[in-house]
1. Give just the number: which of (1) touching a residue at least 40 places away in the same chain (Cβ under 8 Å); (2) surrounded by 15 or more Cβ atoms within 10 Å (Cβ to Cβ); (3) assigned to a strand (DSSP E or B); (4) not basic (Lys, Arg) does ALA15 not satisfy?
2. I'd like the full set of residues that are in contact (Cβ under 8 Å) with a residue 12 or more places away in the chain, β-branched (Val, Ile, Thr) and either part of a strand (DSSP E or B) or exposed (fewer than 12 other Cβ atoms within 10 Å of the Cβ) (or both), limited to region 37-73.
3. Look through SER91, SER49, SER9, SER39 and report the one residue that is at pLDDT 95 or above and out of contact with any strand residue (DSSP E or B) (no Cβ under 8 Å at 6 or more places or on another chain).
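The values are calculated or read from the model by the stated rules, or taken from the named source; none is laboratory data. None of the values given here were measured: they were computed from a predicted structure. Please note: Cβ atoms are built from the backbone with ideal geometry, for glycine as well, and neighbour counts cover all protein chains shown.
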Amino acid sequence: MSWEPYDPSWLVELAREQEPEHPWLPEALAVCTRCRWRSPAYVYFVDGSNPNQPGSSWQFVTNLILEHPTEGELVLDILTEHRVGGVEFLSRIVV
C-alpha cells in the first residue's frame, strides 16, 4: 500500500458543524492530506503498523462519530496528541 494525496476538506466541515465540543478536531483533520486505503470502508492517515506498541505512531485513544448525508456514519480513530488515525465508513462495510 502506498500513500496518496487526500482532500480532507469535507471532513473538516463536518467536524466544525457536528463536534463543537472538540475545537481541535477540524485542525486535526485538515492535516490529513495523505492516506492509505485499507479497503473501501477504511482509510488510514497515520501508519497503523504495530498499533499501541512502544514507538508506534498509532496510539489509540478513542473514537468520534460524524454523520454524513450520503456516506452515513463515519467513525474517526483518535490517537494521542489529537491526531486522526483514520476513518471507517460504516455504510461501506460488506458483511
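1. If we test ALA15 against (1) touching a residue at least 40 places away in the same chain (Cβ under 8 Å); (2) surrounded by 15 or more Cβ atoms within 10 Å (Cβ to Cβ); (3) assigned to a strand (DSSP E or B); (4) not basic (Lys, Arg), just (3) comes out false.
2. Correct list: VAL43, VAL61, THR62.
3. SER9
For every residue, the table says whether it meets (1) surrounded by 15 or more Cβ atoms within 10 Å (Cβ to Cβ); (2) assigned to a strand (DSSP E or B); (3) touching a Gly at 6+ places or on another chain (Cβ under 9 Å); (4) of a type outside the set (D, E, K, R).
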| residue | (1), (2), (3), (4) |
| --- | --- |
| ASP7 | no, no, no, no |
| TRP10 | no, no, no, yes |
| PRO20 | no, no, no, yes |
| CYS35 | yes, yes, yes, yes |
| ASP77 | yes, yes, yes, no |
| GLU81 | no, no, no, no |
